[in-house]
Amino acid sequence: MNEQLDAERQRICQVLADSDCLVNEAAVNQAFDQLAQAITNDLASAMPVVYCVMNGGLFATAELLKRLSFPLEVDYMQASRYRRQTTGGELNWRVSPEISMQGRHVLIVDDILDEGATLAAILDHCRAQGAIDVRCAVLVDKVHDRKAMPGFKANYTGLEVEDRYLFGCGMDYQGYLRNLPAIYAPKGL
Ligand SMILES: O=P(O)(O)OC[C@H]1O[C@H](OP(=O)(O)OP(=O)(O)O)[C@H](O)[C@@H]1O
Ligand SMILES: Nc1nc2[nH]cnc2c(=O)[nH]1
């Protein structure tokens, strides 16, 4: 490995070592079980299309899909407004989905609802594309009063977590650590 990459590896390992674990793996799995049950109750007969919001939604989508045992289709979209930063900016659409939403029940899956601007824009987009029913599921809703629309909530929320910069379970720290099966926050952030 080149020296620069190894220094990066050591820096990221140090961030993880210095972080607080806010939600452990068992609690994350329990949250996914509950989310999947609620989604099953509502959508088992609806032949929905499940859209993963890349990249953060990849982990939650995979965890949910293996718990959903009814017919559905899967696609993805990519819209990002953080780009490895810890504060959000303009929403940047990178990839639009392929499967049409026209006349379909749609379930959007993402890792986190923070200020909610990303999900609000995606939901508007889905309605404009002709979906008859648009729902969203997030693993985490961050608790603060800076929501883009006051009181904005996902239809399905796995966990409410305190207002810190989170990583793990799909959420990145500077592009890394999305793969961790628990939720962490760096000290001081
Ligand atoms: O509620 P908001 O304040 O809008 O933030 C939530 C969004 O931020 C993250 O995406 P990000 O833009 O970091 O891209 P990523 O999925 O590639 O990490 C996350 O995956 C959500 O999509
Ligand atoms: N990784 C990460 N991405 C986010 N996007 C919006 N809020 C967050 C957060 O707390 N962590």
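What follows draws every value from the coordinates through simple rules; no lab data is involved. Computed from a prediction, not measured in an experiment: that's the story for all the values here. Note: ideal-geometry Cβ built from the backbone for every residue, glycine included; neighbour counts use all protein chains shown.
Quick notes on this one:
- Test: residue 155 is within 14 Å of the chain's Cα centre (by Cα) and either over 24 Å from residue 184 (Cα atoms) or away from ligand 2 (no atom under 16 Å from the Cβ) (or both): yes
- Segment 158-179 - residue that is surrounded by fewer than 22 Cβ atoms within 10 Å (Cβ to Cβ) and free of Cβ contacts under 8 Å to residues at least 24 places away in the same chain and, of those, farthest from ligand 2 (Cβ to nearest atom): 160
- Any pair with Cβ under 7 angstrom, 6 or more apart, that starts in segment 93-112 at a residue that is of a type in the set (Val, Ile, Thr) and ends at one that is in a loop (DSSP other than H, G, I, E, B): 106/48; 106/131; 112/56; 112/166
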